[in-house]
Amino acid sequence: MSGVKRILLVVGIVILVLGGISFQGVQAQASTGEEDGSYRAFWVQAFELGLKSPQQIDQLVADVKAANMNAIIAQVVRRHDAYYVSEYLPFTQDPSVVPGFDPLGYLLEKAHQEGIEVHAWVVLGPMWHSIYGGAPQDPNHIYNVYGPHASDEETWITKGYDGSIGNVMQPYVDFGHPEVVEHFVHIVQDLLTHYQVDGIHLDYVRYPENPGGQPFGWYGYNPTALQRFQEETGRLDRPHPSDQEWLEWKVQQVDAAVKRIYLEATAINIDTVVSAAVLSWGFADPRTNDWWNLDPVQRAHQNWKKWVQEGYLDYTFVMNYDNDADPARANRYNAWIEWQKDLPRNRGMVIGPALYMNTIPNSISQINRALAPSQAGQHVEGISPYVYNVWSNDNSPRAHLLQSLVESTEWNGGSPPFSTEMNVPTHSWKEASNGHLLGRLVNKNGEPLTGVPITLSRGNNGPTIIGAFETDSNGYFGVTDLLPGQYFITIAGGPLNKQLLQVKPREVTKADVILP
């Protein structure tokens, strides 16, 4: 038993009187397809041209408008560097960016003039990239401070079962390290404080892929993270990558980071759309196999089905990357999008076909299949082709793609998917009267208490149990979609002690819970 849990058994219980909660959420599925609004978004990455000068952005906005699309997912944090003026991250050293130019600021001005949403795409997992050449020039970049040369006590890098880093020029941070999660939160808070973006779009919200020949779950052995796991479970060993308790713990770290980011962003602006690019790895059919056993969870510890069903995000943008010229990959694409359309959920789902892997005719076919209803008559809430900067695998002109999206051409067989303009979808769960809770459990010295079991209930007389969870690596716990009112949070062990807290509609209620 961890030291924290032993303390709790001795000093007792703190109960917050919180308000009425509802996990019923808002069913996001629509049977009417695009009639009530749908995302038509381009991912625009920062490794190619597209966002790096006023002329490129002018062309991007014109192309999106001409294609009857309504959103741009713009990569503005490539590898913990900013393509905007940041008080937290170093400005990118990308030599293609015009000196003194603010790509995000200019994009927002031009896109909003045309009624196009801009979602700030933020890469979380990879710390750096070999495309830059050597190490970051800025000494305060996290690679230089917490990267490969930092001590075990200081490093943020996730390590392999054998203690290896993997690719030294593109190491990943570890989601089990408390400071890493705080870093993610600071990035999002900085963006939302200084820019009127319509959304925050998270990417690489996962652990890295296992090296060739090594088992799933190879990474996660950051020294600080491993110590936390041992303290919270009472174990002393170095768990094998296949250890199920270790897998579940790592999955929980990613879950907790996503929920924390969502609630922190929502606390700044309730109308901000928070989304993430998520995986569709593996050839197992999701319609006939248990989700937990599929590759997104087993290989990358990304339990995104839970995020879209329990309201950890507003939208999941599924990376449905398959080459239609390969029959096995075409069948895989069809199986995944059918499952995605029919998945019961409380939030929105967007299908993301891969332009860069396909010819323009095959990409148009994939988009049309994504827009079609499932056999059960269900639809998703949007389409987001990847990627604007690399639009085909055969060097066809981008103009052919843009034209084929809106009018009959030889490349779409007379079936343009975006022949009319479309509004973005209505986020019904954001317009509801529900509130959210973000609490933090600390001791009397203000130190966070992690891995502590918490029960949420409502009602003074014979309280009804609503849910059970644990505090995260920084002592936080969060719940989404609460009915306004009062609630109890019960912390493990001891006599009762009650405090009143009111959850208000369309707000995130923040509360520090101090253990006496």
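How about region 119-137: which of its residues are surrounded by 15 or more Cβ atoms within 10 Å (Cβ to Cβ) and either among the polar types (S, T, N, Q) or over 22 Å from the mean Cα position of the chain (by Cα) (or both)? Outline the logic, then answer.
Pass one, region 119-137, residues surrounded by 15 or more Cβ atoms within 10 Å (Cβ to Cβ): 119-129, 132, 135-136.
Hits for region 119-137 are Tyr132, Ala135, Pro136.
Which ranges mark the strands (runs of 3 or more DSSP E) fully within region 446-516 that have 1 or more residues being at pLDDT 80 or above?
Output list reads 453-458, 464-470, 476-482, 485-491, 508-514.
Matching residues to (1) of a type in the set (Gly, Ala, Ser); (2) in contact (Cβ under 8 Å) with a residue 60 or more places away in the chain; (3) surrounded by fewer than 20 Cβ atoms within 10 Å (Cβ to Cβ):
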residue	(1), (2), (3)
Ser151	yes, no, yes
Trp156	no, yes, no
His177	no, yes, no
Thr193	no, yes, yes
Gln196	no, yes, yes
Tyr204	no, yes, yes
Gln214	no, no, yes
Arg235	no, no, yes
Gln244	no, no, yes
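If I go through region 43-63 residue by residue, how many of them are under 24 Å from the mean Cα position of the chain (by Cα) and without any contact (Cβ under 8 Å) to a residue 60 or more places away in the chain?
The qualifying residues number 2.
For region 75-127, how many residues are assigned to a loop (DSSP other than H, G, I, E, B) and touching a residue at least 12 places away in the same chain (Cβ under 8 Å)? Before the answer, list the steps.
Taking region 75-127 and keeping what is assigned to a loop (DSSP other than H, G, I, E, B), we get 78-81, 83-90, 92-102, 114-116, 124-125, 127.
If we keep only those that are touching a residue at least 12 places away in the same chain (Cβ under 8 Å) as well, we get 78-81, 83-90, 92-94, 96-98, 101-102, 114-116, 124-125, 127.
Residues meeting the conditions: 26.
Inside region 422-444, can you point out the residues that are in contact with a strand residue (DSSP E or B) (Cβ under 9 Å, 6 or more places away or on another chain), of a type in the set (D, E, K, R) and either exposed (fewer than 15 other Cβ atoms within 10 Å of the Cβ) or part of a loop (DSSP other than H, G, I, E, B) (or both)? Don't jump to the end; show me each part of the working.
To start, the set of residues in region 422-444 that are in contact with a strand residue (DSSP E or B) (Cβ under 9 Å, 6 or more places away or on another chain) comprises 422, 424-425, 427, 429-430, 432, 434-444.
When the remaining residues are screened for being of a type in the set (D, E, K, R), the result is 430, 440, 444.
Within region 422-444, Lys444 is the sole residue that qualifies.
When you scan region 174-190, do you find a residue that is at pLDDT 95 or above, more than 28 Å from Glu232 (Cα to Cα) and among the charged types (D, E, K, R), even just one?
yes
So for region 262-272 (the condition being under 30 Å from Asp322 (Cβ atoms) and touching a residue at least 24 places away in the same chain (Cβ under 8 Å)), does at least one residue qualify?
Start the filter on region 262-272 by keeping residues that are under 30 Å from Asp322 (Cβ atoms), which leaves 262.
In the following step, the residues that additionally are touching a residue at least 24 places away in the same chain (Cβ under 8 Å) were identified as 262.
For region 262-272, residues under 30 Å from Asp322 (Cβ atoms) and touching a residue at least 24 places away in the same chain (Cβ under 8 Å): present.
Looking only at region 213-234, how many residues end up being under 14 Å from Ile157 (Cα atoms) and in a loop (DSSP other than H, G, I, E, B)?
Here the count works out to 4.
Quick check on my filter: what residues within region 58-74 are touching a strand residue (DSSP E or B) at 6+ places or on another chain (Cβ under 6 Å) and part of a loop (DSSP other than H, G, I, E, B)?
Within region 58-74, Met69, Asn70 meet the criteria.
The values are calculated or read from the model by the stated rules, or taken from the named source; none is laboratory data. Remember, it's a predicted structure, so these values are computed and weren't measured experimentally. Reconstructed Cβ throughout: ideal geometry from the backbone, glycine too, with neighbour counts over all protein chains shown.
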